[in-house]
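The next block holds one structure in the form of structure tokens; read it before the comments.
A short reminder: the numbers here are calculations on the coordinates, not readings from a lab. No experiment lies behind these values; they were computed from the predicted model shown. Glycine also receives a Cβ, built like all others from the backbone with ideal geometry; neighbour counts cover every protein chain displayed.
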Amino acid sequence: MVSSKTMLAVGLAAATLVVFVVVIAMGGALRAGLAPWPGIGVAVLAIAAFVVSRERRSFVVAGLLAASGVLGVVYALIRTEFLMASSFPGPIFGIILGLPILGLAVAGAVGATRDRKRRDGTSGRPAAL
């Protein structure tokens, strides 16, 4: 059974991805006249999703956070021509936000794997001969 906290964490992680996609579709936060609010919102949503899912890790939350992080990094790399024409403030914020979000996703996936192994009763180590 899925807990309400897990569902909330999935919703927050999905909102993180949606905010990133909408800002990119609008041409970036600076062009849309929204800077720095989408970046702050993305960071708060990602951290909230990670914290809410802390007790019971979810691969879905980790996957949505990973998608958000990768999207931010790839967008920033494309817009800055692989950091050849970076300007501050600008698309470089995709990397500044994307890498920590990707780190949260990795931490969530590792936690979900450990939780699953604990529930199944396996240690993950090969049996002694």
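Among residues other than residue 3 whose Cβ falls under 15 Å from its Cβ, what is the net charge (Lys/Arg +1, Asp/Glu -1)?
Value of the local net charge: +3.
For region 4-119, what percent of Cα pairs sit more than 26 Å apart?
Of all Cα-Cα distances in region 4-119, 21 percent exceed 26 Å.
By count of other Cβ within 10 Å, fewest leading, how are 102, 45 ordered?
Going from sparsest to densest Cβ surroundings: 102, 45.
Test of understanding: ordering 119, 79 by Cβ neighbours within 10 Å, fewest first, what list do you get?
Taking fewest neighbouring Cβ atoms as first place, the list is 119, 79.
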